[in-house]
Amino acid sequence: MPVAKRSITIDDLWALKRLGTGSLSPDGAWTCATVTSHDMKKDEASTQLWLLSSNGKTQRQLTRGKRDSDPQWSPDGKWIAFVSKRGEGKDADEAGQLYVIPADGGEARRVCNVATGVSALRWFPDSKRMAFVSWVWPELKTHAEQEKRTKMEKDDKVRATVVEHNHYRYWDHWFARGRKPHIHIVDIGSGKFDNLFAGTALHLPPREPDASLFDISPDGKELAFTFDFNPDPREFSFTDIVGMDIKTRKTRTLTARSSTQTRFAFEGPRYSPDGQWIALLGTNFTERHNEQCRAWRVQRKGLKLQEWTGQWDHGVNGPLNWDATSEAVFFTAESGVAQPIWQLALPDGQPREVLRGPGEGGTISDLRVSRDGSTLVYARSAQSHPPTLLACKVDGSAERSIETFNKRLLSNLQMGEARSVAVKGFGGHTVQMWIVSPPGYSATTKKKWPLMQVIHGGPHTCWNDTWHWRWNMQMFAAAGYVVAAVNYHGSSGFGQKFLSSINGDWGRRELADVEAGTDYMLATGTIDPHRMVATGGSYGGYMVAYMNGHVAAKRYQAYVCHAGCYDWVSMMGSDGYFWFGHELGAFHWDDEARVLKQSPHHYAQNFATPTLVVHGEQDYRVPYYQGLAYYNTLRARNVPSRLVFFPDENHWILKPQNSRLWYREFTNWCDRFTSNSVRIPKAARSLT
């Protein structure tokens, strides 16, 4: 007899392997993938490299380190380079280092020992050299000086940071004191390395200096990289693509701007295999701060800069992957709630959809194209399953799975049905909404179900047809809730006009859309109107705090506010403080009334709905005091409230045991106010 399936649990969620496509062999026959496992008891993760055949017949473990990442297959197919921290005792790596291992297996070898660490790997075409990124002190001339300074920094008892520039921290970390991300070149055989930016003012943008920001020409003679000539950017980093002659170190700007392109940002250069073109990403900030990213190209002969997808109303995700003929690029881009693969040919400005998943289409990411142009490899997830690795031909045909890491566990789980519906939202405009039903749900019985509204962050993101590890709708449905998730005005994937529709007027349209979604669910006759909750994180947390001041107290029985923006005046302590003047339409000193109108704290006199507040102390995007201020206000007003505070987490809850607590507190709070058997007396609620 077949084994009865069961609902997903928190232990299942953390038992699932988390997969990345890594890198393809030049002939497309193999993928070197990253496989991350979590140990709930030890509260830690480990990542190894696996070789997966593109025909789906073989999967073989390549490395057994605890932190092996960023695999890169050499152009000659002989080596796989990766970043790892290995060794024990005095031989242990202090920072991530560059290792290489034969592609057919064997022992990994450390190539060099870089005191400031190694990241963001990229091979030269000769398979003898690599480029990598390391954060260094730009004023120091030799590696010996870098090594000495690294030790001094480690031993320094004073941890203060002194700054005199606009940007000094990002999401959950402060920028390294006095250091800049420089591109280095290393000889794989000898281990000798050199800083290509030494003695210059050049560096990669410090926010996320990964390998997407630079590339090496097919002849190995030129490096193209992303650089901002402004030494102290404000809200926008108007980056250019700079080319460096590897031999002479001379540079030239490859994105020659016209007088109308001063407020553009260019990044993500990719040379075509024939060396004639550079594909890149470009964003025009001239008219609005949240313009979608487009594909651009530079013809190297004459440096002619051309917009490639200017009339296409979709944002383009990098990297832009050239095919073997140098006649087209492949990339992913949102289309409604799906994220398919697209192909863009050189003569055209209109991309062609190559492949999307079944049902609502799924979300494709980590796209790779083999050097010989025969194979695409990618990850795809959906509301009903986590990312799985797949391969197909470049025309989208012959799709097949190339791994089975989660197959056995998933076969034992019963997922809730996820379906997409259209709802008439603000102004009568159509908005999309997900409905995820609990396992065992039936719309034909007389049973009334509790409803959970789950509001996404951003706001310029989307509840795609995807698997979310931290806000997992299947987990919420498994707790017995019918889950509703609205892609409100301002969400991505539905065109620029929809994306920008909330600019300077946050809260109002989004609230109308969420409320329309709740009304839609009530009209089905399956929802108990006395057992409804609304939850959200980041901007979604902002929305539930905003709702607490604008929605009647008994509409929802409880709210959950995770890392929510509460007070737009004190949000100036965020790492993204420059953006709020654009998003809100003004800074508070320019138009206080306009800012306060959009700020939840301004409506505190109306707060009455019980709220769980969750925050991480290492959150610099929405600083932790936002959550404390909201919680303290609720307590001062005798509104039932509970605080869950993580001193060791950032904007997201990333550690297994913390995540287990998060889901438990989340569902317990919602259950507390929606249980049929529990009704908290009004007089006792202020003591909760």
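The values are calculated or read from the model by the stated rules, or taken from the named source; none is laboratory data. Just so it is clear, the structure is predicted and the values come from calculations on it, not from any experiment. Neighbour counts are summed over all protein chains in view; Cβ atoms, including those assigned to glycine, are modelled from backbone coordinates with ideal geometry. Each accessible area value is taken on the protein alone, full model and side chains, heavy atoms only, with ligands, DNA and RNA left out. Shrake-Rupley method; radii C 1.70, N 1.55, O 1.52, S 1.80 Å.
Over the alpha-carbon set of the stretch 424-475, work out the extent along each principal axis and list the three values in angstrom, largest first.
Rounded to whole Å, the extents work out to 37, 32, 16 Å.
Evaluate the charge dipole of the chain about its Cα centre and quote only its size in Debye, nearest 20, assuming +1 on the Cβ of each Lys and Arg and -1 on the Cβ of each Asp and Glu.
1460 debye
As a test of understanding, state the convex hull volume per residue of the stretch 580-672 from its alpha carbons, in Å³.
Considering the Cα atoms of the stretch 580-672, their hull volume per residue is 110 Å³.
Leaving out ligands, DNA and RNA but keeping every protein chain, what accessible area does Trp123 have, in Å² rounded to the nearest 10, with a 1.4 Å probe?
Approximately 20 Å² for this residue.
Cα-Cα pairs above 21 Å in the stretch 143-284: how many percent?
Every Cα pair in the stretch 143-284 considered, those over 21 Å come to 51 percent.
Direction-averaged shadow area of the convex hull around the Cα atoms of the stretch 268-318, nm²?
Over every viewing direction, the Cα hull of the stretch 268-318 projects on average to 3.9 nm².
In the stretch 1-159, what is the volume of the convex hull around the alpha carbon atoms, normalised per residue and reported in Å³?
Looking at the stretch 1-159, the number lands at 180 Å³ per residue.
Grab the Cα-Cα distance for Asp43 and Asp76, subtract it from 0.36 nm times how many residues apart they are, and report the gain in nm with one decimal.
Contour length minus the Cα-Cα distance gives 7.9 nm.
Sorting check: for 636-646, 370-380, which peptide has the highest mean count of neighbouring beta carbons within 10 Å, and how do the rest follow?
Per-residue Cβ counts within 10 Å, averaged per peptide and sorted highest first, yield 370-380, 636-646.
Under Stokes-Einstein, with the Kirkwood radius over Cα pairs standing in for Rh, what whole-number D in µm²/s applies to the chain at 37 °C and 0.692 mPa s?
Stokes-Einstein gives a translational diffusion coefficient of 122 µm²/s.
Given the convex hull of the Cα atoms of the stretch 68-169, what is a quarter of its surface area in nm²?
Seen from a random direction, the Cα hull of the stretch 68-169 projects 8.8 nm² on average.
Considering only DSSP beta bridges whose two residues both sit in the chain, what percent are antiparallel, to the nearest 5?
80 percent
Please list Phe264, Phe193 in order of solvent-accessible area, largest first, computed with a 1.4 Å probe with all protein chains present.
Ranked list, largest accessible area first: Phe193, Phe264.
Report the equivalent ellipsoid semi-axes for the stretch 14-70 in whole Å, largest first, defined as the square roots of five times the eigenvalues of the gyration tensor built from alpha carbon atoms.
23, 11, 8
Normalised radius of gyration for the stretch 48-101, please: alpha carbon Rg relative to 2.2 N^0.38 Å, two decimal places.
That ratio works out to 1.28.
Mean projection of the alpha-carbon convex hull of the stretch 407-532 over all orientations, in nm²?
So the mean shadow area of the Cα hull is 8.5 nm².
Exceeding 28 Å between C-alpha atoms, which entries from my cross-link table qualify? They are Lys597/Lys655; Lys192/Lys304; Lys17/Lys42.
From Lys597/Lys655; Lys192/Lys304; Lys17/Lys42, over 28 Å: Lys597/Lys655; Lys192/Lys304.
Of all alpha-carbon pairs in the stretch 313-381, indicate the percentage at a distance above 20 angstrom.
Here the tail beyond 20 Å accounts for 23 percent of pairs.
Can you pull the Kirkwood radius for the stretch 511-553, inverse mean 1/r over Cα pairs, to one decimal in Å?
Computed over Cα pairs of the stretch 511-553, the Kirkwood hydrodynamic radius comes out at 11.2 Å.
Tell me the relative contact order for the stretch 603-680 as a rounded percent, counting alpha carbon contacts under 8 Å between residues six or more apart.
33 percent
Once both axes come from the Cα atoms, what is the angle between helix 508-523 and the longest principal axis of the chain, in degrees from 0 to 90, rounded to 10?
For 508-523 against the chain, the angle is about 60 degrees.
Below 8 Å, C-alpha to C-alpha, sequence gap of six or more: please give me the relative contact order for the stretch 399-524 in percent.
With pairs under 8 Å counted, the relative contact order is 28 percent.
Using alpha carbon centroids, what distance separates the stretch 258-280 and the stretch 51-106, in Å?
Taking the Cα centre of the stretch 51-106 as reference, the centre of the stretch 258-280 is 32 Å away.
Counting only C-alpha contacts under 8 Å and six or more residues apart, can you give the relative contact order of the stretch 255-400 as a whole percent?
Relative contact order for the stretch 255-400 comes out at 13 percent.
Return the equivalent ellipsoid semi-axes of the stretch 505-633 as a descending list in whole Å, where each equals the square root of 5 times an eigenvalue of the C-alpha gyration tensor.
Here the semi-axes work out to 26, 16, 12 Å.
Debye calculation, C-alpha points only, no solvent: report log10 I(q)/I(0) for the stretch 355-399 at q = 0.15, 0.22 Å⁻¹, in the same order as the q values.
These q points yield log10 I(q)/I(0) values of -0.35, -0.71.
Keeping all protein chains in place, calculate the accessible area per residue for the chain (probe 1.4 angstrom), answer in Å².
Accessible surface, normalised per residue, equals 42 Å².
Based on the alpha-carbon gyration tensor of the stretch 570-619, what equivalent-ellipsoid semi-axes (square roots of 5 times the eigenvalues) come out, in whole Å, largest first?
After scaling each eigenvalue by five and taking roots: 22, 18, 7 Å.
For the chain, which whole-number percentage of the solvent-accessible area (1.4 Å probe, protein heavy atoms only) is attributable to carbon and sulfur atoms?
So the carbon and sulfur contribution to the accessible surface is 50 percent.
Name the aspartates and glutamates eligible as straight-distance cross-link partners of Lys66: C-alpha to C-alpha under 20 Å, and not fewer than 8 places from it in the same chain.
Asp39, Asp43, Glu44, Glu88, Asp91, Asp93, Glu94, Glu107
For the chain, find the longest principal axis of its Cα atoms and tell me its angle to the long axis of helix 624-636, 0 to 90°, nearest 10.
Helix 624-636 sits at roughly 10 degrees to that axis.
What does the convex hull of the Cα atoms come to per residue for the stretch 602-643, in Å³?
65 Å³
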